[in-house]
Amino acid sequence: MRSHGVTLQMVPTIPGKRVQLLTGGQVDLIVAYLSITKNRAASIDFSIPYFRTGVQLLVRADDSNRFEDYVYSRIGVVRNTTQEEYLSHDFRTAERVVYDDTPQAMQALRDGSAAAVAQDHHTLANFVATAPDGARFRIVPTYLTEESVGIGSPKNQKALLDAVNTELLELEQSGEALRIYHKWFDNLGEAAKERTFKIAVPCEALTGWATGDCDKTLP
């Protein structure tokens, strides 16, 4: 991967502040597991997708493994995430318990303040695989959403976005993207080992895309 003569400066943040940092000019790009949504695309631009995942529930290992048993439960979510949006609009029977970050949500599951945590599969798989008490929990197999993840860019910064997209495509074509995936996810169990997507240009990119059905045709 080329440096393009740019010095990297990383700015720590929490999910609820990501878009605000970008639109406020405090960062140039968001590379922080940002799912592509139409609402976010109203204020920022997105690169082509570089990752795919979906939301699941994490529960205690001795609780039910059926999604249907949690439709009226207290479910922890992180503020300003697609998980919070999903529970607000498509899973209204559940009681949302909103936290500022994922560790707070996981702690609520530990102490019984929440019956489940809604989060993307790979984050949950990492928690189960690496947390000292990971064996106390399990992931409910049902996927609640399918999501594409991209890099956030300020509106109307075409040269910057073109450079990002070119780099992502080169990572795929060189095999580096696949190597990076296996480096980080092979230790998270069989379900995370299989990379079911490739970085490619979705059809929406031709017209200034955000999200839609046609991106599901990616190889």
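Give me the residue from region 76-93 that is hydroxyl-bearing (Ser, Thr, Tyr) and over 16 Å from the mean Cα position of the chain (by Cα) and, out of that set, modelled with the lowest pLDDT.
Ser88
Counting only residues that are aliphatic (A, V, I, L, M) and either more than 20 Å from the chain's Cα centre (by Cα) or at pLDDT 90 or above (or both), give me the strands (runs of 3 or more DSSP E) lying completely in region 112-219 with at least 3 of them.
Qualifying strands (runs of 3 or more DSSP E): 116-120.
Given the criterion within 16 Å of Val78 (Cβ to Cβ) and β-branched (Val, Ile, Thr), identify the matching residue among Val11, Val19. Talk me through it step by step, then tell me what you get.
On the way: Val11 fails: within 16 Å of Val78 (Cβ to Cβ).
From the options Val11, Val19, the qualifying one is Val19.
Answer yes if at least one residue in region 47-56 is over 21 Å from Ala125 (Cα atoms), outside the structural domain of Val98 (by TED's automatic domain parsing) and among the β-branched types (Val, Ile, Thr), and no otherwise.
Yes: region 47-56 contains one or more residues that are over 21 Å from Ala125 (Cα atoms), outside the structural domain of Val98 (by TED's automatic domain parsing) and among the β-branched types (Val, Ile, Thr).
Can you find a residue that is crowded, with 21+ Cβ neighbours inside 10 Å and either assigned by TED's automatic domain parsing to the domain that holds Ala108 or not in a helix (DSSP H, G or I) (or both) anywhere in region 60-73?
Filtering region 60-73 down to residues crowded, with 21+ Cβ neighbours inside 10 Å leaves 70.
From the residues that got through so far, the ones that are either assigned by TED's automatic domain parsing to the domain that holds Ala108 or not in a helix (DSSP H, G or I) (or both) too are 70.
Yes, there is a match, as at least one residue in region 60-73 is crowded, with 21+ Cβ neighbours inside 10 Å and either assigned by TED's automatic domain parsing to the domain that holds Ala108 or not in a helix (DSSP H, G or I) (or both).
Any residue in region 91-118 that is in the same structural domain as Tyr70 (by TED's automatic domain parsing) sitting within a Cβ distance under 9 Å of a residue that is assigned to a helix (DSSP H, G or I) and β-branched (Val, Ile, Thr)? List the pairs, counting only those 6 or more apart or interchain.
Thr102/Thr123; Val117/Thr102
Looking for something crowded, with 19+ Cβ neighbours inside 10 Å and under 13 Å from the mean Cα position of the chain (by Cα) - is there at least one such residue anywhere in region 3-16?
yes
I'd like to know if region 13-26 contains one or more residues that are more than 18 Å from Leu171 (Cβ to Cβ), assigned to a loop (DSSP other than H, G, I, E, B) and at pLDDT below 90. Reasoning before the result, please.
So in region 13-26, the residues more than 18 Å from Leu171 (Cβ to Cβ) come out as 13-26.
Then drop every residue that is not assigned to a loop (DSSP other than H, G, I, E, B), which leaves 13-14, 24-26.
After this cut, where a residue has to be at pLDDT below 90 as well, the list is 13-14.
Scanning region 13-26, I find at least one residue that is more than 18 Å from Leu171 (Cβ to Cβ), assigned to a loop (DSSP other than H, G, I, E, B) and at pLDDT below 90, so the answer is yes.
Need the failing condition index for Arg96 against (1) more than 17 Å from the chain's Cα centre (by Cα); (2) part of a helix (DSSP H, G or I), just the number.
So the condition that Arg96 fails would be (2).
The values are calculated or read from the model by the stated rules, or taken from the named source; none is laboratory data. Keep in mind it's a predicted model, so treat the numbers as computed, not measured. For neighbour counting, all protein chains shown are included, and Cβ atoms are generated from backbone atoms with ideal geometry for every residue, glycine included.
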